[in-house]
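Peer 1: Okay, here's the structure, questions in a sec.
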Amino acid sequence: MQHEPMPESAEEAGILAREGMASIAYVRQSGKDDVCLPGIIFLGGFRSDMTGIKATHLGAAARARGQGFVRFDYRGHGADAAAFPDCTVGDWIEDAIDVLDRLTEGPQILVGSSMGGWIMQHVALARPDRIVGLVGIASASDFTERLMWPKIPDTYRARLADEGFITVPSLYDPAGYVITAKLIEEGRRHLLLPGPIGVRCPVRLLHGTADPDVPWQLSVELAEALASSDVVVTLIKDGDHRLSEPEQLARIGAAVVEVGQR
């Protein structure tokens with residue numbers, strides 16, 4: 001799919017159409033020709049969308065630097081949320097790789113929030129020549145197996161096996177959300193821990209010590225599993241899962257700039 005060149009640093013909202021597959025909504029901005037910085041792709045979290053504060057903040061900061069930036073919604077997210085129960089981790093990895101391949105050129109930094117921190121590892125493994133740095137925000141590596149499955153009681157596991165899905169409560173959605181047996185089972189094909197994980201680019205991992213959803217120890221374990229010799233874990237005291245306060249956003253932005261200059 002060919003795209004017309006955009007004006008420097010302009011935002012473009014679009015739909016990436018894919019033959020026989022769900023389309024992907026995205027917002028993209030070009031980098032300035034005289035700015036020699038890698039582009040940035042933001043990979044959101046489980047059931048989040050590209051309009052969140054971290055995505056928009058990082059996009060604005062990239063625009064101020066004249067740096068290319070893409071944010072997007074995986075299938076089953078954002079406007080396509082009704083399709084969520086049909087989707088799997090493998091689908092979202094495929095979506096992220098397609099965004100990299102078809103909406104960007106040249107070297108890229110991946111910024112992964114929560115589930116996006118797992119997705120970014122797979123993208124970096126699939127396209128090592130394109131990825132120059134990773135920034136993980138409360139990275140939820142292997143979350144379907146490490147975080148989701150252990151919290152499902154035996155009675156719910158039986159229902160999951162019999163009916164193929166369950167609805168669980170969520171701090172972020174009063175209606176709760178659906179977990180399918182397919183999500184859990186397919187997720188097992190993409191587990192990366194305990195490693196080794198053959199990612200060799202610079203990596204910065206930020207995690208709040210008061211994160212109620214993803215324990216900060218998971219970022220430490222990820223750091224130890226990565227093959228890269230340039231990995232830094234930053235623990236933010238009393239930080240929650242979102243890490244969306246101004247000083248926390250500043251730390252994330254500084255990490256993005258750092259890996260882009262190496």
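Each value in this text was obtained by applying a stated rule to the coordinates, not by laboratory testing. Given the structure is predicted, the values throughout are model-derived calculations rather than measurements. Note that each Cβ is placed from the backbone with ideal geometry, even for glycine, and that neighbours are counted across all protein chains shown.
Peer 1: HN-Hα J couplings of the range 115-132 from phi, Karplus 6.51/-1.76/1.60, θ = phi - 60°, integer Hz, Gly and Pro as x?
Peer 2: The phi angles translate into 4, x, x, 6, 4, 4, 5, 5, 5, 5, 5, 6, 10, x, 6, 9, 9, 9 Hz.
Peer 1: What's the Cα-based Rg to Rh of the range 179-231, Rh via Kirkwood?
Peer 2: 1.05
Peer 1: Then there is this: Put a dot 7 Å past each Cα toward the Cβ at Lys237 and Ser23; how far apart are the dots in nm?
Peer 2: According to this spin-label approximation, the distance is 5.0 nm.
Peer 1: If packing is taken as the mean number of other Cβ atoms within 10 Å per residue, what is the order of 190-196, 143-149, highest first?
Peer 2: Ranking, from highest mean packing down: 143-149, 190-196.
Peer 1: Shape verdict for the range 66-143, please, from the Cα gyration tensor: rounded (a/c under 1.5), prolate (a/b greater than b/c) or oblate.
Peer 2: Verdict is prolate for the range 66-143.
Peer 1: I've got another one for you. For Gly117, what is the net charge nearby, where nearby means another residue's Cβ is under 13 Å from its Cβ and Lys, Arg count +1, Asp, Glu -1?
Peer 2: Result for the neighbourhood of Gly117: -1.
Peer 1: If you take every residue apart from Arg71 with its C-beta less than 14 Å away from the C-beta of Arg71, what net charge results, scoring Lys and Arg +1 and Asp and Glu -1?
Peer 2: With Lys, Arg at +1 and Asp, Glu at -1, the net is -2.
Peer 1: Helix-derived [θ] at 222 nm for the chain: sum -39500 (n - 2.57) over DSSP H runs of at least 4, divide by residue count, nearest 500?
Peer 2: Rounded to the nearest 500, it is -9500 deg cm²/dmol.
Peer 1: If you average the C-alpha positions of the range 9-31 and of the range 34-88 separately, how far apart do those two centres end up, in angstrom?
Peer 2: After rounding, the separation between the Cα centres reads 10 Å.
Peer 1: A further question follows. Report, in whole Å, the centroid distance computed from the Cα atoms of the range 176-242 and the range 127-157.
Peer 2: 6
Peer 1: Quick one: if you stick a label point 7 Å off each Cα along the C-beta vector at Asp154 and Ile97, how many nm between them?
Peer 2: 3.9
Peer 1: Taking K and R as +1 and D and E as -1, what net charge do the other residues with C-beta under 14 Å from the C-beta of Leu206 add up to?
Peer 2: Its environment carries a net charge of -1.
Peer 1: Moving to a separate point now. Relative contact order for the chain: what percent, with Cα pairs under 8 Å and sequence separation of 6 or more?
Peer 2: 16
Peer 1: Can you pull a Stokes-Einstein diffusion coefficient for the range 147-191 at 25 °C (0.890 mPa s), Rh from Kirkwood over Cα pairs, as a whole number of µm²/s?
Peer 2: 221
Peer 1: May I pose another question? Using the per-residue mean of other Cβ atoms lying within 10 Å as a proxy for protection, in what order, highest first, do the peptides 70-82, 17-29 fall?
Peer 2: Ranking, from highest mean packing down: 70-82, 17-29.
Peer 1: So if each residue of separation counts as 0.36 nm, and I subtract the Cα-Cα distance between Ser244 and Leu191, what length gain in nm does that give?
Peer 2: Gain on stretching Ser244 to Leu191: 16.3 nm.
Peer 1: With no solvent and one point per C-alpha, what does the Debye sum give as log10 I(q)/I(0) for the chain at q = 0.13, 0.14, 0.15 Å⁻¹?
Peer 2: -0.81, -0.94, -1.09
Peer 1: Another question, if that's okay. How many Lys pairs in the chain lie less than 26 angstrom apart by Cα atoms, where the lysines are 8 or more positions apart or on different chains?
Peer 2: Lysine pair count for the chain: 4.
Peer 1: Exactly which trypsin sites (Lys or Arg not before Pro) in the range 172-246 are in a DSSP loop and have at most 11 other Cβ atoms within 10 Å?
Peer 2: Lys237
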